[in-house]
Every structure is written in C-alpha cells, then in structure tokens.
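Take a look at the structure below.
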Amino acid sequence: MKQFFIIDRFEGVYAVCEHGGQMVEIPKARLPRGVRAGDALVCEDGVYRVDAQETARRREQAQKLIDELWK
C-alpha cells in the first residue's frame, strides 16, 4: 500500500513530514539523496521515493498563492 508524505523540515537526523494530518519523523538515512523541504514522498514496501510530479504541482500552487498576495 502506498503512503504519502510531505517533508516539512529537517531536525538532526530526521525529516519531519506531514502524513495524513499528523507530523511524523523519518530517519534521513531512509530517504533518497537530495530530498529537501517541500518534497512530496511516496513510500511503497518500505522504500521512499520523491514524487516529482506532486512536488512540482505543490510548488506551483504555493508560488501562485505568493504571487496573489503581492499583487
């Protein structure tokens, strides 16, 4: 079963992620190299990968909100 996470921030050796309305800590060692805050992750069979399409969609949506605030 696929699980979805959004990286909120990094604290020490953990990535603090939003998952179903809850904040969870995932060891950075379990994540792909180069992940950063805001990335959308999919976990399937205990393996995490970046969902590039969802990450891009979320960043685009956030940029639109920022642009609207500054009009």
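The values are calculated or read from the model by the stated rules, or taken from the named source; none is laboratory data. Small disclaimer: the values here were computed from a predicted structure and weren't measured. No Cβ is skipped: glycine too gets one built from the backbone with ideal geometry, and neighbour counts run over all protein chains shown.
Looking only at the stretch 37-71, count every residue that is touching a helix residue (DSSP H, G or I) at 6+ places or on another chain (Cβ under 9 Å) and part of a helix (DSSP H, G or I) and tell me the total.
Total meeting the criteria: 0.
If you take the residues of the stretch 1-16 that are within 12 Å of Arg36 (Cβ to Cβ) and either of a type outside the set (A, V, I, L, M) or modelled with pLDDT under 95 (or both), which of them is nearest to the chain's Cα centre (by Cα)?
Asp8
Of the residues Asp51, Asp45, which single one is among the acidic types (Asp, Glu) and without any contact (Cβ under 8 Å) to a residue 40 or more places away in the chain?
Selected residue: Asp45, the only one of Asp51, Asp45 that is among the acidic types (Asp, Glu) and without any contact (Cβ under 8 Å) to a residue 40 or more places away in the chain.
Output the residues belonging to the stretch 18-57 that are among the charged types (D, E, K, R) and over 12 Å from Phe5 (Cβ atoms). First the steps, then the outcome.
Taking the stretch 18-57 first, the residues among the charged types (D, E, K, R) are 18, 25, 28, 30, 33, 36, 39, 44-45, 49, 51, 54, 57.
Answer for the stretch 18-57, where residues must be among the charged types (D, E, K, R) and over 12 Å from Phe5 (Cβ atoms): Lys28, Arg33, Arg36, Asp45, Arg57.
What pairs come out if I take residues in the stretch 20-36 that are under 10 Å from Phe10 (Cβ atoms) and pair them with residues that are aliphatic (A, V, I, L, M) and in a loop (DSSP other than H, G, I, E, B) whose C-beta lies under 6 Å away, six or more apart or interchain?
Note: pairs meeting the criteria are Lys28/Val13.
Could we say that Ile26 is surrounded by 13 or more Cβ atoms within 10 Å (Cβ to Cβ), in contact with a Gly (Cβ under 7 Å, 6 or more places away or on another chain) and not in a helix (DSSP H, G or I) here? Even if it seems obvious, please write down each step before you answer.
Numbers: surrounded by 13 or more Cβ atoms within 10 Å (Cβ to Cβ): yes; in contact with a Gly (Cβ under 7 Å, 6 or more places away or on another chain): no; not in a helix (DSSP H, G or I): yes.
Here the answer is no, as Ile26 does not meet what is asked.
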